[in-house]
1. In this structure, does residue 45 turn out to be hydroxyl-bearing (Ser, Thr, Tyr), buried (at least 16 other Cβ atoms within 10 Å of the Cβ) and under 21 Å from the mean Cα position of the chain (by Cα)?
2. Given the residues 86, 115, which is the only one that is surrounded by 14 or more Cβ atoms within 10 Å (Cβ to Cβ), outside the structural domain of residue 35 (by TED's automatic domain parsing) and touching a residue at least 12 places away in the same chain (Cβ under 8 Å)?
3. Got a sec? Which of 92, 39 is outside any helix (DSSP H, G or I) and under 25 Å from the mean Cα position of the chain (by Cα)?
4. Collect the residues in region 137-172 that are free of Cβ contacts under 8 Å to residues at least 24 places away in the same chain, touching a strand residue (DSSP E or B) at 6+ places or on another chain (Cβ under 8 Å) and not hydrophobic (A, V, I, L, M, F, W, C), keeping them in residue-number order.
5. Any residue in region 54-74 that is under 30 Å from residue 158 (Cβ atoms), modelled with pLDDT under 95, of a type in the set (A, V, I, L, M) and outside any helix (DSSP H, G or I)?
6. Which one of these does residue 130 not meet: (1) surrounded by 11 or more Cβ atoms within 10 Å (Cβ to Cβ); (2) farther than 22 Å from residue 171 by Cβ?
Amino acid sequence: MQRHGFIHDILDVKILILYVMALVEKPVTAQTIYELCYQDECLSYFDVQQAVPQMVESGHLEKREDGLYVITDKGRETEEITQDSIAFPVKQRAKTAVENLNRKTQREQFLRTEIRKQSNGDYTVLMGLDDLQGPLMNLELTTPTLHQARKLEAAYRRNAEAVYQSVMVGLMEETENEDTEN
């Protein structure tokens, strides 16, 4: 059976993995490597699962103690030489996938959430938003159930910037109205 995609053999898989790993900003799992590389229908999960250990053995990738993978200096050198052999459409889709992951990772480093059970059985959800200089906002809300606390935490993680913006606009509008009345 003829393969119609751009990935034809294990060498193509390894070159794509190196390209992706050179772009990611944080260590990633083998599953994430697969998800970032799956930009061609000819690539299978098993291709990546076969290639990654071989690349660790060859010194192109390193598997850390926590099970996450990073590219090595040898891998970066090889990637610089081989990246031009990746088909343009696959390369662009992989780059977009990595950029999305990097944005999500960067965003996550500025969000803080924690759920604490109170002595009365209620749950407190602590939520924070930081920037490079430190905390921008700390918010603490109480819910009667753990289910509600988890829903609140998830909603905050999805909408932290909008929550911050709403609080700032609401408070600043009130302050501006007070200033014009005086």
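The values are calculated or read from the model by the stated rules, or taken from the named source; none is laboratory data. All of these numbers come straight from a predicted model, not from anything done at the bench. Using ideal geometry, Cβ is built from the backbone for each residue, glycine included, and neighbour counts are taken over all protein chains shown.
1. No.
2. Unique residue meeting the criteria: 115.
3. 39
4. 138, 140, 143, 144, 145
5. No - not one qualifying residue is present in region 54-74.
6. Unmet for residue 130, out of (1) surrounded by 11 or more Cβ atoms within 10 Å (Cβ to Cβ); (2) farther than 22 Å from residue 171 by Cβ: (2).
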